[in-house]
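Asks: Below is the structure I would like to discuss, written out as structure tokens.
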Amino acid sequence: MMFRRKAWLAWLMASASALVPLESSAQPAAKKKSSRPVQAPAAAATIEPPRDAASAPPNATLASDEIREFKAQPAAVKQLLESALALTAQNLTYAYGSADPAQGGLDCSGFVYFVLREHGFAQVPRTARGMYGWVRKAGKFRAVVSHEEDSFEFDELLPGDLLFWTGTYAMEQDPPVTHVMIYLGTEKKGGGRIMAGSSDGRTYRGKKQNGASVFDFTLPGAEARSSFIGYARIPGLRD
């Protein structure tokens, strides 16, 4: 019995001494600290959020000389259109609530707001609803009630005008204006009307776009959820 007890104690002491080197070698690694300052991961410096190719198709853009009416516009209108087209070339996503390209995306009124502020229109409101009130009060708005593309109601439409919609998404506000874009003119290739802005569901040449892009300017059908309500001169742009 005494022999078995001594053998067991000898085994226990041998096992304990065998564990010491393992704990000793692990201890410095656990307490070791780097003297270099902690840096943020490289991904944090990326301005533009990653795109999912399936849900966010690439943006469409074009050069100003691809617009039929561009050369005939006043210098101020040309500069504004060039700025709008420059945004469409930056691969910016649609980002609700953003009016800053540095955030990687813009919403519809944020796109217009940024372009106009860059050209000295300090009084431009931030929202589509506010912009609608702004142009109405200035007497610049032209209503459109027709669903026909060749309606006489478009006779005064010019490049640089603002385009307005209601019902593009559910929102309780009065007036219920929910969407705004900048009219570019007609494209030399195909002759269709085009516009610039930011959207997560409109198309260009029949292909869905997402974000700051060039889009086809077409009217919603009579059964569509949204309605195009009219266009307006930007106060002070052509005065």
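The values are calculated or read from the model by the stated rules, or taken from the named source; none is laboratory data. Note that this is a predicted model, so its numbers are computed, not measured. Here Cβ is always computed from backbone atoms with ideal geometry, including for glycine, and neighbour counts include all displayed protein chains. For the accessible areas, the whole protein counts, side chains as well, though only heavy atoms, and no ligand, DNA or RNA atoms are used. Shrake-Rupley method; radii C 1.70, N 1.55, O 1.52, S 1.80 Å.
Asks: So between Ala222 and Lys207, what do we pick up on full extension, going 0.36 nm a residue minus the alpha carbon distance? Walk me through the intermediate numbers first.
Replies: Values: separation 15, 0.36 × 15 = 5.40 nm, distance 2.16 nm.
Between Ala222 and Lys207, full extension yields 3.2 nm more.
Asks: Using a probe radius of 1.4 Å on heavy atoms only, what accessible surface per residue do you get for the stretch 102-223? Whole Å² is fine.
Replies: Ligands and nucleic acids excluded, the figure is 46 Å² per residue.
Asks: With r defined as the distance between the Cβ atoms of Lys71 and His119 and R0 fixed at 22 Å, what FRET efficiency is calculated, to the nearest 0.05? Don't skip to the answer; put the middle values down first.
Replies: Details: r = 19 Å, r/R0 = 0.87.
The formula returns an efficiency of 0.70 here.
Asks: So, with a 1.4 angstrom probe, what is the percent of accessible area on the stretch 139-221 that is carbon and sulfur? Intermediate results must be reported in sequence, preceding the final value.
Replies: Numbers: 1820 of 3620 Å².
C and S fraction of accessible area: 50 percent.
Asks: Could you tell me which of the pairs Lys137/Lys208; Lys137/Lys207; Lys71/Lys207; Lys137/Lys188; Lys71/Lys189 are separated by over 25 angstrom between their Cα atoms in the structure shown?
Replies: Listed pairs above 25 Å: Lys137/Lys208; Lys137/Lys207; Lys71/Lys207; Lys137/Lys188.
Asks: Let me ask another. Bin by bin, in steps of 5 Å, what percent of the Cα pairs in the stretch 163-210 do you find, going until the bin that has the longest distance?
Replies: 5, 17, 24, 24, 16, 8, 4, 2
Asks: State the Cα centre-to-centre distance between the stretch 151-221 and the stretch 57-76 in whole Å.
Replies: Each part reduced to its Cα centre gives a spacing of 15 Å.
Asks: Can you list the HN-Hα couplings for the stretch 115-127, worked out from phi with the Karplus curve (6.51, -1.76, 1.60; θ = phi - 60°), rounded to whole Hz and with x for Gly and Pro?
Replies: 3J(HN,Hα) across the stretch 115-127, in whole Hz: 4, 5, 5, 4, 9, x, 8, 5, 8, 5, x, 7, 9.
Asks: Note the full-extension length gain between Tyr169 and Glu82 as 0.36 nm times their separation in residues minus their Cα-Cα distance, in nm to one decimal.
Replies: Here the answer is 28.4 nm.
Asks: Taking all protein chains as present, what is the carbon and sulfur share of the accessible area of the stretch 91-133, in % to the nearest whole number, probe 1.4 Å?
Replies: C and S atoms contribute 47 percent here.
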